[in-house]
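See structure below.
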Amino acid sequence: IGHPEIFPLVFTTKTQEIFSCRVDEDVTEENCFKLIKKEDIIQDLNTRAAVSDFHPVKKVVLEYPGEELLVVFDAKFQFGQNFYLVASEEAKENLLKPPETTEEKEEETGEETLEVHPYKPPVHKPWVSLGSEKEVEEESIKESDPKIKYMISQVRRKFGSSINFTDRNASCVDGSYVECTSYQDKTFSIKMLEKDIGVQMVPKRKETSTQTRWTYPKNAATQYFPRQLSDEEKESLSSKKLKEFLTSVHLRMEIALQQNEIMNVFFDDWKALAEDESSSGGKPNIYLKVYQSFTDPKNRTISCICWHPTIYGIIAVSPREQLSYEEQVSLSNKSLLPRSVVVFWSFSDPIHPQLMLECPEDIYCFQFSPSDPNIIAGGCINGQVVLWDISQHEEKLQNANTVADKIEVRAVNIAKASDVNILRSTFQQSSTELPLVRYCALSSIEHSHTKSVTDMHCLPNYFQDTRMSAAIENRGQTCVQLVTCSSDCSVLLWDIPVTKLQQPSSEKIRVQEDFYMPSGIPDTSKHLDLCWKPLIKVLYTYIEPKDETYPCCFPEKPQSLNILELLNKDSPEMSTSSNNLEVLESISISFFVGTEDGEIVYSEWKGEIDSDSAKPASNQTYTIHTETINTFQRSPFFKDIFLSIGGRSFAIWKEGVTNGPILQSSCSAGRNTAGHWSLTRPGVFFIGKDDGNIDIWDLMNKTYEPSHVQNISNSVITFISPWIASPMQHFLAVSDDLGVLHVLELSHTLSYPLRNE
């Protein structure tokens, strides 16, 4: 307001490097001006098109009369962004050469006369807003925490009954009076982050003088000559005593020379201990650099993220609506609900999606097949399991265009609300041209989970299980089975199609009512016999003793299985001598389970032959977390080390240690909402918070607090997924509750492990 010649802009790291305006290097708060040639900006617009940061002001740049445009670094974000463009020659000259004030002119001219101005009464003028009402609004106190609602009810037969109050001594009855003394909890102590202080500074002056001693230069010369041995010294070199000495030390000298060849005797062991800055007490170079971002046009929360295993820069996300139970009931009609999809994004085009997978319901989790990346399995919120086959669209993902055709976008700043509206309209225009892949298989509602599928994992590729017989070896070395878990206290084992789907036989295919196959979808899963049911169902029905009112029963709120990790205790030996598949008997599978109540359960169960059900043989329960466990993950480097995240703490477990976790954190100020191990460093993992921060824990540096905390979003972090694009490029995908997918590039310290880590 009041500055029509100024246009705020957002310069990414790549743009700063192209135009040599890197923050704190080329431009600073004191030296904030940068002149850029107009032809260089036009060349950047032609090269990067809509991805260029000058695209929002393309028309202003083309109509600018001068040859150089002024770009100013806005360190205090006075106009809302980190840079702003000056679009007039007059404003550019005023900023580069500010006019002299009247006081300076009077000092230069030396005029000492004082002019007397007659008094003029003030004139009423209309009020012009300069932003003071925004400051008053920011300083005002607003209630941000939602109010807690209580509902008190009683039995209907007690309505209108008389109430009699009596007096009694609380100390006479045992248990009727408990004294709760207050104490100071250092864990939740409030730290002062900002404080208004007024300081009056007075410069301190000091006069000093130094007298140096100067001497006249003098010419100097040095003559040297070679040193020569005398005749006596020459005779001593060939003496018998010297020969005896050389003979006596010959063996020791030979051993010393051999040791020098084997090891470096000049190696500094103390210096090697400080190989990394963090081990010597300095600040390690840990940071997350913004690389790319994608925004959902409908601002739906992202529940799961999966990188494409083989194609660079392709990432898939599953957006879903955040609806309460009342909203779900009111929108029970499918026509009123938005269409559920899984969206594929590409680094080359951050505005237009590359592919969409049609879903019967919102997807809570999904995963690419380790054997065939074209096969994708997903879990719906209604408990069904769905399969997609994207083999026909693999070439499109590999040849993703760098610039979207037929659609022009005026702005690419996804951080503004206006740009989000432009992106929403663009997505609606391009949705008709995007390929929509329909699912090729859908599980039966009757035999699926009754609640949301919260996690899924593929079984190892060296064995498979059958419903009618037992576990047999898998010679194909392909993942053909997956396991799902849900909040209905059940774990289901499914048989998925092989990577190369076999052609169906010519026999008559019988149709059963318990399998739902929509019309028009590709019939690539006929070998499932149109009856996709789980092979094994494990009911997690363990009993907890309660108080005297409920002596032995289920809790009122059933335990929910959020995360499932399958571990094979002993790898079965693969038979190579026989042509027939070997039956693997007595396979005992152990797995960890995280619940909604914050419990960690370690179970061992064994399937029964000729049965589609199994029961846990033994359970070990640990109560560490106070809230729902949202992440339970095995370390990619140690098969018996696990990370559990839930509530305000995390814990690291070791299989076989029955007395609890080997490392447990203290309660943090915010809630932990997501987490993931590092793929390259065994001692590093990432934790997402409800305030939009990412905590980077480096156990080689600190075990009591995170090594680095960086803010990513203003909303809750919902999912974290790392990916190794190349040995020199490592990414971390982070999604938030507003539907924004942030792709961050890891620093060198987070990408390469330390010695013996």
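Looking for whichever is under 25 Å from T310 (Cα atoms), hydrophobic (A, V, I, L, M, F, W, C) and in contact (Cβ under 8 Å) with a residue 12 or more places away in the chain here; the options are L741, L754. Which one fits? Matching residue, one of L741, L754: L741. Of the residues screened, E235 is one that is assigned to a helix (DSSP H, G or I), open to solvent by 100 Å² or more (accessible area, probe 1.4 Å) and among the charged types (D, E, K, R). Within segment 639-689, being in a loop (DSSP other than H, G, I, E, B), basic (K, R) and open to solvent by 10 Å² or more (accessible area, probe 1.4 Å) holds for K639, R648, R671. Of all residues in segment 182-219, those satisfying the criterion of being assigned to a loop (DSSP other than H, G, I, E, B) and open to solvent by less than 100 Å² (accessible area, probe 1.4 Å) are D185, S189, G198, T215. Within segment 39-59, is even one residue in contact (Cβ under 8 Å) with a residue 40 or more places away in the chain, closer than 19 Å to E93 by Cα and of a type outside the set (G, A, S)? Within segment 39-59, not a single residue is in contact (Cβ under 8 Å) with a residue 40 or more places away in the chain, closer than 19 Å to E93 by Cα and of a type outside the set (G, A, S).
Looking only at segment 603-637, residues that are of a type in the set (F, W, Y), modelled with pLDDT of 85 or more and in a strand (DSSP E or B) come to 2 in all.
Taken over segment 342-401, the criterion of being acidic (D, E) and out of contact with any Asp or Glu (no Cβ under 7 Å at 6 or more places or on another chain) is satisfied by D349, E358, E361, D372, D389, E394, E395. Can you name every residue in segment 718-732 that is out of contact with any His (no Cβ under 7 Å at 6 or more places or on another chain), under 16 Å from I305 (Cα atoms) and aliphatic (A, V, I, L, M)? Scanning segment 718-732 gives A725, L732.
The number of residues in segment 131-144 that are modelled with pLDDT of 85 or more and either surrounded by 10 or more Cβ atoms within 10 Å (Cβ to Cβ) or not hydrophobic (A, V, I, L, M, F, W, C) (or both) comes to 8. Could you please find all residues in segment 27-40 being out of contact with any strand residue (DSSP E or B) (no Cβ under 7 Å at 6 or more places or on another chain) and farther than 19 Å from K97 by Cβ? T28, E29, E39, D40 - these are the residues of segment 27-40 that are out of contact with any strand residue (DSSP E or B) (no Cβ under 7 Å at 6 or more places or on another chain) and farther than 19 Å from K97 by Cβ. Scanning segment 67-94 for residues that are open to solvent by 50 Å² or more (accessible area, probe 1.4 Å) and either among the acidic types (D, E) or under 11 Å from F7 (Cα atoms) (or both) yields a count of 6. Would you be able to say whether some residue in segment 173-188 is aromatic (F, W, Y), more than 29 Å from S668 (Cβ to Cβ) and modelled with pLDDT of 80 or more? Looking for residues that are aromatic (F, W, Y), more than 29 Å from S668 (Cβ to Cβ) and modelled with pLDDT of 80 or more, one finds none in segment 173-188, hence no.
Sub-9 Å Cβ pairs linking a first residue in segment 249-260 that is without any contact (Cβ under 8 Å) to a residue 60 or more places away in the chain to a second residue that is open to solvent by 80 Å² or more (accessible area, probe 1.4 Å) and assigned to a helix (DSSP H, G or I), at least 6 apart or interchain, are M253/L246, ordered by first then second residue. For segment 422-468, the set of residues classified as part of a loop (DSSP other than H, G, I, E, B), modelled with pLDDT of 85 or more, closer than 30 Å to H352 by Cα and of a type outside the set (G, A, S) consists of R438, Y439, C440, listed by residue number.
Mind listing whichever residues of segment 734-757 are among the acidic types (D, E) and under 17 Å from the mean Cα position of the chain (by Cα)?
Selection gives D736, D737, E745.
Of the set (1) under 25 Å from F344 (Cβ atoms); (2) touching a Pro at 6+ places or on another chain (Cβ under 6 Å), all apply to T673 but (2). Can you tell me which residues in segment 72-102 are more than 12 Å from K38 (Cβ to Cβ), part of a strand (DSSP E or B) and among the hydrophobic types (A, V, I, L, M, F, W, C)? Selection gives V72, F73, F83, V86. For segment 252-262, the criterion of being in a loop (DSSP other than H, G, I, E, B) and among the polar types (S, T, N, Q) is satisfied by no residue at all.
Taking segment 36-63 as the range and being surrounded by fewer than 19 Cβ atoms within 10 Å (Cβ to Cβ) and of a type in the set (D, E, K, R) as the test, the residues that pass are K37, K38, E39, D40, R48, K58, K59, E63.
The values are calculated or read from the model by the stated rules, or taken from the named source; none is laboratory data. Everything numeric here is computed off the predicted structure, so don't read it as measured data. Neighbour counts run over all protein chains shown; Cβ positions are idealised from the backbone, glycine included. Protein only, heavy atoms only, side chains kept; ligands, DNA and RNA dropped before computing areas. Shrake-Rupley method; radii C 1.70, N 1.55, O 1.52, S 1.80 Å.
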